1. FRET efficiency for residue B:334 and residue B:143, Cβ-Cβ distance as r, R0 = 35 Å, nearest 0.05?
2. If I model a spin label at residue B:86 and residue B:282 as a point 7 Å from the Cα along the Cα→Cβ vector, what separation in nanometres do I get?
3. For region B:81-141 and region A:59-85, what is the centre-to-centre distance using only Cα atoms, to the nearest Å?
4. In peptide B:316-328, how many Cβ atoms from other protein chains are near each Cβ within 10 Å, on average?
5. Relative contact order, percent, of chain A when contacts are C-alpha pairs under 8 Å separated by at least 6 residues?
6. Relative contact order for region B:138-267: what is it in percent, counting Cα pairs under 8 Å that are at least 6 residues apart?
7. What residues of region B:402-440 lie in the reach of a label at residue B:297, counting those whose backbone N is under 15 Å from a point 7 Å from the Cα along Cα→Cβ?
8. Can you list, bin by bin at 5 Å, the percent of alpha carbon pairs in chain A, starting at 0?
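Rule-based calculations on the coordinates, nothing more; no lab input. These numbers were taken from a predicted model, which means no experiment stands behind them. Glycine gets a Cβ as well: all are built from the backbone with ideal geometry, and neighbour counts include every protein chain shown.
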Amino acid sequence: LIKDGLFVGYLTSRETASVLGQQSNGTMRADGWNRIPLIRMTNVNLEPGDSSLERMIAETRDGIYMATNRSWSIDDKRLNFQFGTQLAYEILDGKRGRMLKNATYAGITPEFWNSCDAVGGRSEWRVWGLANCGKGQPPQVAHVAHGAAPARFQHVKVGILK
Amino acid sequence: MKSMEIARLTADGELKQFMSGLLERSPAQQTEVMVTEWDSALTRFANNGIHQNVAERNVSVRVRVVKDRRTGVASINQLNEAAATDVLKRAVAIADLQPRSEVVPMPGPATARPVEAWSDATAAVTPEERADFVQTVCAKAGQAGLKAFGAYSTSAGQFAIANSLGVFHHQRSTQATVNSVVMGDAGSGYADRGAIDVRELDKNELATEVIEKAQRNQNAQPVEPGIYEVVLEEYAVAEMLEFMSFMGFGALAVQEERSFMKLGEKITGDQVSIWDDGLDRTGIPASFDFEGVPKQRVDLITGGVASGLVYDMQTATKAGRESTGHGLPAPNTEGPFAVNLFMKPGSAAKADLMSDIKRGIWVTRFWYVRVVHPKLSIITGMTREGTFLIENGRITRPVKDLRFTQSILEALKGTLALTRSTKLQVSEYIGASRVPAVRLKAFDFTS
């Protein structure tokens, strides 16, 4: 989908691949016998890098370690997003500090991913699952999973309360 | 040739016989059986043409058994003796594997007031009639140089619940909903409608609204994020109410200390009154809940003061009071849910809501709303398909969609006006709200 920062391919079905003059890469899913299959991002993964969570924290003078997401909101073009976390920590002068309550982060998708300057290695890479990803009308629920290691992003807008 | 598509639902007598037979056969101390049956169809359109028709007829039989303080639940989608035997056997086997624990009590028999939730016209809608509606929207969009997208669905169903303490309730209902996005080269509009009786859905009125909105919403330019006075159309108001219900109107949220509701305290502006009434025929009524308890009206916010909560059997037992008839299928972790919401209208005409706004934002609807902080009633989301700048009492231009992050209670504290007309908004998930459009003093657009 994305290689070395460049967008190179779509998730496709037989229907959409034919429009692109390609062969389907088989991403259609339905949540039961009575629903029409839809393209779902069930196996989209971030390649591991060569950093580590410990190293990323050690290299950060002033930041936040966002540990676990709990809410997601994104616009209809999948550009403007704001996520809330269950668990986050302050990072000051290369050290993990106090725990933060209700930390949030927001951005514009390509700007956010363009600001990624470190990704953890294979030993920290694991698959994160979500059992209730919704899409479609009538609504369909899918299990989705994304493999990722911790990653660092620069100049991200955090916090919403004044 | 006009095809026939009349809702096919199991006869009342047959349904009751199936449920009674299942209860009699159960070896458990307490048994509950819930049957949901539906016959529905959906016509989807895109690029000014129909591209998909789906229809579904199905039934769900859900059985809950309680044995020695152990609960088991199983379900099946057939209504026959073999299915009843199988689903009971599985529910009992599951119960036998559970540890003993607190059991959600089943209610005893009580009279539920019948509601009018059925329309023969909706139950008999044909694919041709759905296509005729869609054709009008698409043709008008095409004439305006725009493209219409959306879905039109009709359904007929029945829901029955019985338990071994003598409860038996049964209700038939119909629903027709249509939504449409109309797009031009540089912007889009949105409109939807929902009703029990399909004849209340006016294809010309819907087409006019969505096309006019799309035409006005071309070439939107950005506006600085910040705090603005706003007019929220009914689509946005209903979504705000749904999130209030999700976060805080249920007794479990209060018992677990995660609700914004502080009973007896002033939490919004004086003009705000919100209640839940499953028996009001101007909503999408239901006479009993998913535990078999008759619905009661509950005043949630009255004149700005938090005045009540909705209860199910579990939370009512804990609070030492009666359920208000707002239970979801038990046992569950969600708690009771207010799904028949009403907001008290005001006296303004919709167009007059902005008449003395110096600089503000007109919001058609919200998109992808999520909870940020339930105790503070803070939500975030985007505006979509019709966000406009108001200057000196009138709309001057469309603006790019904005993200908001806003406490609902804080926003409602600044309620300046509400329309005298209300709109029935059928939820994408469960239930419906009847709400006015509102003018609010301050709304925080964060990006």
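1. After rounding to 0.05, the efficiency reads 0.15.
2. 4.7
3. Taking the Cα centre of each part, region B:81-141 and region A:59-85 sit 38 Å apart.
4. Rounded to a whole number, the mean comes out at 0.
5. Normalised by residue count, the contact order of chain A is 22 percent.
6. Worked out over region B:138-267, it gives 17 percent.
7. B:434
8. Going out from 0 Å in 5 Å bins, chain A shows 2, 8, 12, 18, 20, 16, 11, 7, 4, 2, 0, 0 percent.
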